[in-house]
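*Asks:* My questions all concern the structure below.
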Amino acid sequence: MDEIEANEVESTYFSLPEGDWTNLDPKVRANLASLYLSIAAVLATSGASDSDLTPRAVPPLGGPTGLAEVLSPGKLALRLYEVASDIVAASAGEEHDLRQMISTLRTALAVAWDFYGTQTAEKVTVAQHMRELKERIVEFERELTALREQSKGQA
């Protein structure tokens, strides 16, 4: 595949078909509205003035109380990710499964390049690669657990 073809393929992956908000599942739109209220609650309790928080095109939500639960930064980030993933999945439509496979394979390719040089990669079997991947995943999960426990100990 030459460079022009590779760029065309990549640009296809990094774009979505045109869509309309009314085509999204009402549950996705409801989750987006809930997220909007959660963000407003976080901002309203962060000490910023109303003029800093109210986008010009969106009507004000009201006072800082009663909007929604004030989420921690981590929980809000996960909610943002979940809602964004739902919107991308709904927007991608029939392309969703193909996009997921492409994303997974791109990650696998990047990991393979991190594990091995060109010459070593030619000598490594799939079974060896899978064992090393599993070992690395377990290692990183242990590190994550240790880091979380360390953070709790310092709090």
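The values are calculated or read from the model by the stated rules, or taken from the named source; none is laboratory data. Bear in mind the structure is a predicted one, so any value in this text is a computation, not a measurement. Cβ placement follows ideal geometry from the backbone for every residue including glycine, while neighbour counts extend to all protein chains displayed.
*Asks:* Sort out which residues of the range 110-126 are within 14 Å of Arg136 (Cβ to Cβ) and of a type in the set (Ser, Thr, Tyr), and write them in order of number.
*Replies:* Tyr116, the sole residue that qualifies.
*Asks:* Restricting to the range 92-133, count the residues that are within 30 Å of Trp21 (Cβ to Cβ) and hydrophobic (A, V, I, L, M, F, W, C).
*Replies:* Counting residues in the range 92-133 that are within 30 Å of Trp21 (Cβ to Cβ) and hydrophobic (A, V, I, L, M, F, W, C) gives 4.
*Asks:* Let me ask something else. Applying the selection to the range 10-58, what residues are closer than 26 Å to Ala90 by Cβ, over 22 Å from the mean Cα position of the chain (by Cα), in a helix (DSSP H, G or I) and modelled with pLDDT under 75?
*Replies:* none
*Asks:* Filter the range 115-155 down to residues that are more than 25 Å from Leu105 (Cα to Cα) and small (Gly, Ala, Ser) and give me whichever is modelled with the lowest pLDDT.
*Replies:* So the residue we want is Ala155.
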